[in-house]
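Novice: Below is a structure I'd like to ask you about.
The values are calculated or read from the model by the stated rules, or taken from the named source; none is laboratory data. Owing to the predicted nature of the structure, the values given are computational and were not obtained by experimental measurement. Neighbour counts run over all protein chains shown; Cβ positions are idealised from the backbone, glycine included.
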Amino acid sequence: MRLIALISLLLLTACSMPSPSASNAAETGKIDERVERLILQKEAIVPFFEPMKIREGDWLDSQRESGETFEEYAASSPTLPTAERRTIYVQPVGRFTAEQKRAVSLAADFMTAFYDLPVRLNPEMPLGSVPKDKQRRIEYRNNLQIRTAYFLDDLLPKMLPKDAAALIAFTNYDLYPGDTWHFVFGQAMLTERVGVYSLYRLSDMTLEQDNDKDRLLLRTLKIATHETGHMFSMKHCIKYECLMSGTNHLAETDRRPLDNCPECMAKVAWAMNYDPAERYQKLAAFWQTNGRPEEAKVLLEKAAAINTVKVILGRSSARKMFHRCREQIIQRSTSQAS
Ligand SMILES: [Zn+2]
Ligand SMILES: [Zn+2]
């Protein structure tokens, strides 16, 4: 009975697909089969996520954003890794504490499982000589801040390897993007494939109620995966409480899951040609090795939900119904276009 209900739900979802991918199909005469499959698979993990709830002071409290569905993303010609540019390079810049070193090293491992791309962790390097106009000292904290342009324009482009999908610098210095800003957690130049993120403020426990011992690690992983998502043209998510949602402050970062919502999961799976169940299994293995079995358990439940869809799609009757549904969508979009 549950299986029949799930089949109905999935077919209903397929039949009520929005127009962007349908109009894409009318142009090409063929809908990407991976898109079709992921449209069904993403529905299977909806129960694991909460709809976006905007609180006072949150990112969406002050920013107007339109979001982007998986179907819109797949039809938007996003920037993707190529056969020649597949490696993500992580470059630590500055002097790190043992805890910060651990967080950066684990972020490299986590991103390998998250994006299914090779990740290279470079040896630590010093900050170098920063021009006067790209640094300042803020009086109320008495700390040196480095303008992000130093990293994005001066330091990183010179170091960018030919096979880099992205070069991401982590630094322990505080960052600011321009004179009118107090600080920024990070900034990326998407077309240049470089980004810089600061760990300086991530150890701040003043907002914490539970003081998770891995707070710095969790925040570092969230920032690394979120910003890398932008490098593959992923917009901020507004539909769910999601790793790809914008954040305005650390409490908001902490509240967000360390995982992509159904829409954003499908974007990664499609962009990297990465089987979603396999992806969840690799992420679960990461947490089993790194001491958070409760995270691993939920990830394996998501893998099981995805695998249920695979079983359904393996049944010829369901497949036939699904394809009939898709033909109706194509006919509808063709007649709308003409
Ligand atoms: Zn962002
Ligand atoms: Zn999302």
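Novice: Just give me the residues in the stretch 99-120 being assigned to a loop (DSSP other than H, G, I, E, B) and charged (D, E, K, R), in sequence order.
Specialist: Correct list: 116 only.
Novice: Select, from 268, 298, the only residue that is at pLDDT 85 or above, hydrophobic (A, V, I, L, M, F, W, C), closer than 30 Å to residue 231 by Cα and touching a Gly at 6+ places or on another chain (Cβ under 8 Å).
Specialist: None of the other options fit; the residue is 268.
Novice: Considering only residues of the stretch 234-281 that are away from ligand 1 (no atom under 12 Å from the Cβ) and hydroxyl-bearing (Ser, Thr, Tyr), which is nearest to residue 307 (Cα to Cα)?
Specialist: 280
Novice: Further question: What are the residue pairs meeting all of these: first residue in the stretch 227-247, first residue touching a residue at least 60 places away in the same chain (Cβ under 8 Å) and under 16 Å from residue 195 (Cα atoms), second residue near ligand 2 (Cβ under 7 Å from one of its atoms) and not aromatic (Phe, Trp, Tyr), Cβ atoms under 7 Å, and 6 or more apart or on different chains?
Specialist: 234/244; 234/264
Novice: Give me a count of the residues in the stretch 222-265 that are at pLDDT 95 or above and away from ligand 2 (no atom under 14 Å from the Cβ).
Specialist: Number of matching residues: 0.
Novice: So, of the residues in the stretch 124-150 that are free of Cβ contacts under 8 Å to residues at least 12 places away in the same chain and not charged (D, E, K, R), which turns out to be farthest from residue 173 (Cα to Cα)?
Specialist: My answer is 140.
Novice: Evaluate the stretch 258-265: report whether one residue or more is in a helix (DSSP H, G or I), farther than 21 Å from residue 109 by Cα and in contact (Cβ under 8 Å) with a residue 60 or more places away in the chain.
Specialist: yes
Novice: Okay, next question. Which ones in the stretch 142-180 are farther than 26 Å from residue 80 by Cβ, in a loop (DSSP other than H, G, I, E, B) and out of contact with any strand residue (DSSP E or B) (no Cβ under 9 Å at 6 or more places or on another chain)?
Specialist: If the condition is that a residue be farther than 26 Å from residue 80 by Cβ, in a loop (DSSP other than H, G, I, E, B) and out of contact with any strand residue (DSSP E or B) (no Cβ under 9 Å at 6 or more places or on another chain), then 142, 180 are the ones that fit.
Novice: Out of 225, 220, which single residue is surrounded by 20 or more Cβ atoms within 10 Å (Cβ to Cβ) and within 14 Å of ligand 1 (Cβ to nearest atom)?
Specialist: Residue meeting the stated conditions: 225.
Novice: Which members of the stretch 121-135 meet the condition of being part of a strand (DSSP E or B) and exposed (fewer than 15 other Cβ atoms within 10 Å of the Cβ)?
Specialist: Across the stretch 121-135, the qualifying residue is only 125.
Novice: Within the stretch 53-89, which residues are hydrophobic (A, V, I, L, M, F, W, C), surrounded by 16 or more Cβ atoms within 10 Å (Cβ to Cβ) and over 16 Å from the mean Cα position of the chain (by Cα)?
Specialist: 59, 60, 75
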